[in-house]
Every structure is written in structure tokens, then in C-alpha cells.
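Asks: Please see the structure below; I have some questions.
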Amino acid sequence: MIKELSAKQAISETLARYCRGLDRMDKAMAYAVFHPNAEVDYYGIFQGTGHAFVDWVWQAHAVMQSHSHQITNTLIQVDGDIAVSEAYVTVTLQFDSREADNFTETLARGRYLDRWCRYQDRWVIDSRLHIVDAQSTYQPSDMSKAEESRRDTDDPSFKFFQAAGFSI
């Protein structure tokens, strides 16, 4: 029972690191979530390895004003050194074409269906299927954003963890 709970916690934290890696543009963190041979299918817009997906999405995220990924409602089943999970994901993508009144936001809601394995003494995604449940694009009425939020290691969260003696 303790091993199963430990595995579930490790998998939950790995999912959180995936989101953090994408949102803080920490490519090494995003790569570390996937087995080197992991196969992923992001609802037909990308099919390939997990690492190739990270490379592909990096280019897309680089031109966005901001992006935010949240994982909720995670169901994890563990059997020894393999596991499967379903995690609900909400992704907010903000685009600014630098033209007046052309700031848009896309809100996508879906699920990650992941198969996990133990690799180099940690849990990694072996395969992922991303299911889209709903998606909408709109022009927000207020495009305010906290100025201190960053998509790199200058984000306040890095200093917060370091001040407490931790690294991510």
C-alpha cells in the first residue's frame, strides 16, 4: 500500500512538473516527464515521441504572450512498475498580434490518458493520448496580466523555492 501511494504521489508530481516545464519554458523539465521512446498523440495535431512534442510545442509557445496548464481530477492505477492515469487538463493560451483589439485567448479542456513506467528510478510517461473535450477562442474584455509573471527562470517562483532551500 505504501509503495502504491508513493507511486501515485510521484506520478502526480510528474504531471505538475510537465505543466511547470511548459509554462516556465523549462525544456529539460518538460523532457524529463517522458520516456525517451514515449509515443504521444495530441488529438491529431501532433503524433510522435514525447521529446519531439516538446520541441514542436516550444515553437508554438514561443510566439504566445502567455500560456498556463492546469491538471485536475487525476485518477491513477498502479501495478508494480507500470501505471495508467487519466488527468483532466485545462490550457489557457494568450495571443497578441500587436494590433489593437487583436488580443485573443484560447481555452482548451481535455484529458491526458497516460501509460507510465519506471525508468532510471523514476516514473515517466510511456505513452499519452490527449483527448479534447471542449475548446473556445475569444477576445477577453480585460487583458491585464501580472507583470511579475515570467516564462523563464526569472519567474518569482524560482526565487521562492530557492529562498526556502529547495530547487525544482
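FYI, it's all coordinate maths here, none of it is from the lab. Bear in mind the structure is a predicted one, so any value in this text is a computation, not a measurement. Virtual Cβ from ideal backbone geometry, glycine too; neighbours counted across all protein chains shown.
Asks: Give, as ranges by residue number, the residues of the range 106-136 whose backbone N falls under 14 Å from the point 7 Å along Cα→Cβ of F95.
Replies: Within reach of a label on F95: 106-108, 136.
Asks: Below 13 angstrom from the Cβ of V124, what's the summed charge of the other residues (Lys, Arg +1; Asp, Glu -1)?
Replies: Computed value for this residue: -1.
Asks: From the backbone phi of the range 31-46, what are the Karplus-calculated ³J(HN,Hα) couplings (6.51 cos²θ - 1.76 cosθ + 1.60, θ = phi - 60°) in whole Hz, Gly and Pro given as x?
Replies: 3J(HN,Hα) across the range 31-46, in whole Hz: 4, 5, 6, 9, 4, x, 9, 4, 9, 10, 9, 9, 6, x, 7, 8.
Asks: Given just the C-alpha atoms of the range 102-168, how large is their convex hull per residue in cubic angstrom?
Replies: Considering the Cα atoms of the range 102-168, their hull volume per residue is 153 Å³.
Asks: Follow-up question, since we're still on this one. Reachable aspartates and glutamates from K8, Cα under 14 Å, same-chain residues fewer than 8 places away excluded?
Replies: D79, D81, E86, D114
Asks: Mind checking the dipole of the range 2-163: about its Cα centre, +1 per Lys or Arg Cβ, -1 per Asp or Glu Cβ, Debye to the nearest 20?
Replies: 340
Asks: Could I have the simple spin-label model distance between E148 and S136, label points 7 Å from Cα toward Cβ, reported in nm to one decimal?
Replies: 3.1
Asks: Here's something else I'd like to know. Please list, in chain and number order, the residues 5+ apart from F34 or on another chain whose amide H is under 5 Å from its amide H, with Hs placed from the backbone.
Replies: Answer set, sorted by chain and number: I125.
Asks: Tell me the label-point distance for the pair L75, N37, using the 7 Å Cα-to-Cβ offset, in nm and rounded to one decimal.
Replies: 2.9
Asks: Let me understand the range 2-163 better: what is its radius of gyration from the alpha carbons, and its Dmax, in angstrom?
Replies: Rg then Dmax for the range 2-163, in Å: 16.6, 56.
Asks: Something else about it: Tell me, in nm to one decimal, what length is gained between R109 and W58 on full extension, where the rule is 0.36 nm per residue of separation less the Cα-Cα distance?
Replies: Residue separation times 0.36 nm, minus the Cα-Cα distance, leaves 16.4 nm.
Asks: Further, regarding this structure: First select every other residue whose beta carbon is under 9 angstrom from the beta carbon of D23; then total the charges, Lys and Arg +1, Asp and Glu -1.
Replies: Charge balance near D23 sits at +1.
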